[in-house]
Amino acid sequence: MSGAFRIPRAGRLSQAKTARFSFDGQSYTGIEGDTLASALLANGVHLVGRSFKYHRPRGFLSAGAEEPNALVQIVRDDARKTPNVRATVQELYDGLAANSQNRWPSLSFDVGAVNDLASPLFSAGFYYKTFMWPKAAWKSLYEPKIREAAGLGVSPDKPDPDHYSSRYAHCDVLVLGGGAAGLAAALAAAETGVRVILADEQAEFGGSLRFETGAKIDGQDGFVWAQAAIAKLTAMDNVRVLSRTTAFGYYAQNFVGLVERVSDHLKAPGHELPRERLWQVRAKRVVLASGAIERHMVFANNDRPGIMLAGAARTFLNHYGVAVGRNVGVYTANDSAYAAAIDLKKAGVNIAAIVDLRDNPTGPVIDEARALGIEINFGRAVIRAGGKLRVSSMTVQPKNGGGERTISVDAILMSAGWTPSVHLFSQSRGKVAFNDETKRFVPGTYAQDCVSVGACNGTDGLSATVDEAYAAGAMAAKDSGAKTAKGTKPKVDASESWSRGMLGAAPGAGPDTTVKAFVDFQNDVTAKDIRQAVHEGMRSIEHVKRFTTNGMATDQGKTSNMHGLAIAAETLGKPIPEVGLTTFRAPYTPVTFGAIVSHARGPLFDPTRKTAIHPWAEAQGAVFEDVGQWKRAWYFPRAGEDMHAAVDRECVAVRKTAGLFDASTLGKIEVVGPDAAKFMELLYTNPWEKLEPGRCRYGIMLREDGFIYDDGVVGRLAPDRFHVTTTTGGAPRVMNHMEDYLQTEFPHLNVWLTSITEQWAVIAVQGPKSRDIIAPLVEGIDMSDEALPHMSVREGKICGVPTRLFRMSFTGERGFEVNVPADYGQAVWEALWAEGQKHGATAYGTETMHVLRAEKGYIIVGQDTDGTVTPNDAGLDWAVGKKKTDFVGIRGMARPDLVAKGRKQLVGLKTKDPKVVLEEGAQIVEDPKQAIPMKMIGHVTSSYWSQNCGRSIALALVAGGRDRMGDTLYVPMPNGVIEVEVTGMVFFDETGGRLNG
Amino acid sequence: MLLIRCPYCEEERPELEFRNAGEAHIARSANMAGESDDDFEKFFFIRSNPKGIIYERWRHMHGCARFFNAVRDTVTDKFVMTYKAGEPKPAKLPGVAK
């Protein structure tokens, strides 16, 4: 049996297909097609949660996405524990296990409920006021305790084992919402042949046709018609139908984000299906058919379990076959709750009484209720509900005061009217307009190519809705390019219709009262809190919202915003439109991080770039470091070596014999064309016209402001061809910089730029034995110092494959950089390695590269410079062509501040104690005894232990640094002050003789 | 995500393919080295920040890689039009008053 409250012959689920599930460890039986909410209600369970602040017992308010109360934790396994799942949305599957949240030790006895008694402490804005003394206690005591007590659910503590997918889609007409309006619009558009996507958040299409028993379309029951319409649409090639799919965000130019819940409703999803799929849809036209959401009545204790929206009770009965009680009271300010009473009465449920705030309403539903013998009380209010863990009574009073009467009930259905769901319209930057007659905000001014139809547009009645939606669907298709329409508009034969209602607090919860009449259930905001916020000075609705937290919970105020606004407006004595509506923001309902991140996590988070020689380094046990997206070999430890030992050994070996280094990641750009030299003249500070083919030059690139942007060795292969190298991290921006000038400032130059970074693998062979290692493998290049001096380049062959062989050095030793096509990179490396073994060469990584270049005072752009360093600051004036009349940065470099005295200049630093290695980034002062904050005159940019020098070495930017040679400066550190001497930047082989050694 | 029409590809493509490159129609002097401090300041540092129509440079980074100019409304974020680099500021803008 699937629950004592299941009504035979009611609803659309098959009683035969049962599903077992558990809630807080207790086992229950439901039916396939149930939501967790309907299955629990079928078993008579209303109490499912505790409120956020007061820990009040809570039940189901709604039957859908707007649910503020019934948030549960769904536990599939150790890693899959999803918190804050709305039980009204979660579909039941066999074996589902759910737990309640925010209660201890149990749902029916919750210690935290003491907050309800202590509620004066927790009034609106309490976190700004109550717990402010002593001040220090907020951070250490109050805030952590309050957060702990107020937490909703528990985050999973393991990595998410599920996978998510993501798709882009394009269509002519995107229809959001699959109720009568959405279906009619989709049919009209689809019949013209344009590409249509139709999405609805529910498992089944139909929207409110799920509960509207009075609807008849094309001679059929409304819900049956909806299923036929969906079957027809699904069969069409030009239509994509997405169920369980929520449009959560409406972005610029009809770009809409949807999330499809693919497998959360399945017992065993397996790994083939993603858990969710993100759809990013670009539509020519969007039809918004998002419906309306019913509002509750604001009265004392309106949050007791068993008190719910009338439309929700109808859904539970008419779709799921579940009665929400046996003796049900109804409290309403509009007609729609009558239909709920009538449906329940016909299903055999006792309706204790209908209490209607209106004085003398008339209409067919009222007549029908009366004919069924239901007691109806006009002009009366429910001033409070009785009961605690479940509603037990409603106390009724004439709305202008008078004698009270208490009626026993086990559920109360309420309806204050329906709020059009303008969320997506508003997100599209459309402006809503207030209809004073119907007291609703409806779409006013449109900002994008979309149209609202049906209840979300304030259109009442099924007939008018279908007419409007069908016409809008056809128009959207026409606007997006459709030629012909050949469909037939669905014919509405019978319909339910209601509108109006009330906004704000009901009698008994007015300004003269202190009762807990909830406006926002999830955040425990009462009518009194909103009035208090106004009294305490909040004037803007945005301030009222933040002070009270009304509408700020995970349901984003779907049921509460209009009530809150009306109460604020009444207290302010202003009309509602003058107070204004808070901003609607994406997402419409919560979206998982998984869906947004999709596959972009782990190794796919960011591309990893590896050089051709990477596998060799990996096999050698290299330790890698990330440089931008590149993996670079950092050092090559041998058995027993730590990083320090490995780097010392590598550094010594390079200077003693030779070292091999994978320099493939260096950026490389080929600058080609008749005007290549002219272009180089403009982009670099150096002169290039007279550089002979076959020779290289160290180039500096500036930005227009005169600061160093990049550097690198440039080889001239031919009069019209330069092989430019850039820093590893700078390659893309240098290419962009060059393209920018070539395309927009110097388009008259006949030059082509090609990124060749990945075309060539680069093997640096450095050290006294480097030529001996390379020479035996090279063909067609004279390797003598006369034919191939330092800073030259030749094309030839190595190991039988083409090479661009550079003689250059970033170590200060005789050195070469062997460029070979990347496909041959590892093979040539292995050949050079074998040759190197004969001479005792070592492989070295980026750390040794850094130490060796620092020993020589060679800078690294981005480490020794920071975007505020000029060539002069870096001691590189020699690289600026003095006779040049133009290059990028020539004017910026001459700005008064850039030529002023006292600028920070790059210098060397030697610690007085040679064993002490400075920290990079450490600040430098003149007088360590001065009071804090001290005057900082510079900072350390590079610092290493140099085994070759037998001491520590450092580079630093120091104000007026070159005038301080030999001076003693100080580096204050937590463990004491370090004395340093200012020196030149070259620590090893000052005369540079080893370049030819 | 905005749609941007590349004037070279002659197609509307998603914003992801493009990169903004700052304000348009700021000419680099032919006599750069001779610019006064004031003129250099105007050229390099001073940018307009209008509420409304702005002229920008964009690059179709992940497409044809060309730089081009665009007219955009900073209030609505919408692109009014795009045109090729080197073309003059359009005298008339489609759909814009004044």
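Where a number appears in this text, it was derived from the coordinates with a stated rule and is not lab data. Note that the structure is a prediction, hence the values are computed from the model and not measured. Note that we place each Cβ from the backbone using ideal geometry, even for glycine, and neighbour counts take in every protein chain shown.
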Any chance you could give the angle, 0 to 90 degrees and rounded to 10, that helix A:561-572 forms with the longest Cα principal axis of chain A? 80 degrees
Tell me, what is a quarter of the convex hull surface for the C-alpha atoms of region A:662-853, in nm² with one decimal? 10.6 nm²
Separation of region A:565-627 and region A:917-954 by C-alpha centroid, Å? 39 Å
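For the residues A:His543, A:His599, A:His271, what sequence is obtained by ranking on other C-beta atoms within 10 Å, fewest first?
Details: A:His543 15, A:His599 12, A:His271 9.
Placing the least packed residue first, the sequence is A:His271, A:His599, A:His543.
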Taking the Cβ of A:Leu47 as the center, what net charge do the other residues with Cβ under 12 Å away carry, scoring Lys and Arg +1 and Asp and Glu -1? +4
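Between A:Ala900 and A:Glu979, what is 0.36 nm times their sequence separation minus the Cα-Cα distance? Round to one decimal in nm. Don't skip to the end; give the middle numbers.
On the way: separation 79, 0.36 × 79 = 28.44 nm, distance 2.80 nm.
Result: 25.6 nm gained on full extension.
Determine the sum of side-chain charges near A:Phe816: Lys and Arg each +1, Asp and Glu each -1, restricted to other residues whose C-beta is under 13 angstrom from that of A:Phe816. Numbers along the way, then the final one.
Working: positive: A:Lys769, A:Arg771, A:Arg794, A:Arg804, A:Arg807, A:Arg814; negative: A:Asp772, A:Asp785, A:Glu813, A:Glu817, A:Glu835.
Neighbourhood net charge equals +1.
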Peptides A:894-903, A:504-513, A:162-171: what's the order by average Cβ count within 10 Å, highest mean first? A:504-513, A:162-171, A:894-903
Where a label projected 7 Å from the Cα of B:Ala91 along Cα→Cβ would reach, residues of region B:46-79 with amide N under 14 Å: none
Just counting partner chain Cβ atoms within 10 Å, what average do the residues of peptide A:887-897 show around their Cβ? 3
Length gained when the stretch A:Trp104-A:Asp720 is fully extended (0.36 nm per residue, less Cα-Cα span): 213.9 nm
Arrange the following residues from fewest to most other Cβ atoms within 10 Å of their Cβ: A:His850, A:His748, A:His46. A:His748, A:His850, A:His46
With R₀ set to 25 angstrom, the calculated FRET efficiency between the beta-carbons of A:Arg370 and A:Asn327, to the nearest 0.05, is 0.85
Kindly write out, for region A:462-473 in residue order, the coupling ³J(HN,Hα) from the Karplus curve 6.51 cos²θ - 1.76 cosθ + 1.60 (θ = phi - 60°), rounded to whole Hz, with x marking Gly and Pro. 5, 5, 4, 5, 5, 4, 5, 5, 5, 5, 5, x
Computed label-point distance, nm, for sites A:Ala600 and A:Asp877 using a 7 Å Cα→Cβ extension: 4.8 nm
Inter-label distance for A:Asp963 and A:Lys232, nm, one decimal - labels placed 7 Å from Cα along Cα-to-Cβ: 8.9 nm
Which of the listed residues, A:Leu187, A:Ala292, A:Ser165, is farthest toward the dipole's positive end in the protein assembly as shown, when Lys, Arg count +1 and Asp, Glu count -1 at the beta-carbon? A:Ala292
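What is chain A's relative contact order, in percent, from Cα pairs under 8 angstrom and six or more apart in sequence? Numbers along the way, then the final one.
Details: 2417 pairs, mean separation 89.5, N = 997.
RCO, chain A: 9 percent.
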In terms of the Cα gyration tensor, with a ≥ b ≥ c the square roots of its eigenvalues, is chain A rounded because a/c is under 1.5, prolate because a/b exceeds b/c, or oblate? prolate
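Which entries in A:Lys232/A:Lys284; A:Lys431/B:Lys84; A:Lys483/B:Lys89; A:Lys882/A:Lys915; A:Lys769/A:Lys884 show an alpha-carbon gap greater than 31 Å?
With Cα atoms farther than 31 Å apart: A:Lys431/B:Lys84; A:Lys483/B:Lys89; A:Lys882/A:Lys915; A:Lys769/A:Lys884.
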Which residues in region A:89-104 have a backbone N closer than 20 Å to a point placed 7 Å from the Cα of A:Val154 along the Cα-to-Cβ line? A:96-104
Near-label residues of region B:11-34 by backbone N, under 18 Å of a point 7 Å along Cα→Cβ of A:Ala252: B:11-24
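In debye, nearest 20: dipole of region B:1-90 around its Cα centre with unit charges on the Cβ of K, R (+) and D, E (-)?
On the way: 14 positive and 15 negative charges, 46 e Å.
So the magnitude is around 220 debye.
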B:Asn20-A:Asn736 pseudo-label distance in nm [points 7 Å out on the Cα-to-Cβ vector]: 1.3 nm
Roughly how far apart, in whole Å, are the Cα centres of region A:797-850 and region A:350-372? 92 Å
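Which FRET efficiency value, to the nearest 0.05, is calculated for A:Val114 and A:Thr445 with the Förster distance at 45 angstrom and r the Cβ-Cβ distance? The partial results should precede the final answer.
Working: r = 50 Å, r/R0 = 1.10.
For A:Val114 and A:Thr445, the calculated efficiency is 0.35.
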Please list, short to long, the whole-number percent of alpha-carbon pairs of region A:600-736 in consecutive 5 angstrom bins beginning at zero. 2, 9, 15, 15, 15, 14, 13, 10, 6, 2, 0, 0
Excluding A:Val623 itself, what net charge comes from residues whose Cβ is under 11 Å from its Cβ, given Lys and Arg +1 and Asp and Glu -1? -3
Mind putting a number on the dipole of region A:351-464 about its Cα centre? Charges go on the C-beta only, +1 for Lys and Arg and -1 for Asp and Glu, and I need it in Debye to the nearest 20. 460 debye
Mean Cβ-within-10 Å packing, highest first, puts peptides A:611-617, A:688-694, A:180-186, A:733-739 in the order A:180-186, A:611-617, A:733-739, A:688-694
Which residue, chosen from B:Val75, B:Ser29, B:Ile4, occupies the Cα position most advanced towards the positive end of the dipole of region B:3-84, where the dipole is computed from +1 (Lys, Arg) and -1 (Asp, Glu) charges on Cβ about the Cα centre? B:Ile4
Figure the gain on full extension for A:Gln220 and A:Phe593 (residue separation times 0.36 nm, minus the Cα-Cα span) and round it to one decimal in nm. 130.1 nm
Alpha-carbon centroid distance for the pair region A:62-129 / region A:450-492, whole angstrom: 40 Å
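Antiparallel versus total DSSP beta bridges in the protein assembly as shown: what percent is that, nearest 5?
Values: 157 of 205 bridges.
Rounded to the nearest five, the antiparallel share is 75 percent.
For an R0 of 45 angstrom, estimate the FRET efficiency from the Cβ-Cβ distance between A:Asp94 and A:Glu625 and round to the nearest 0.05.
Details: r = 51 Å, r/R0 = 1.13.
Calculated transfer efficiency: 0.35.
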Name the residue from A:Ala617, A:Phe52, A:Val713 whose Cα lies farthest towards the positive end of the charge dipole of the protein assembly as shown, charges +1 on Cβ of Lys and Arg and -1 on Cβ of Asp and Glu. A:Phe52
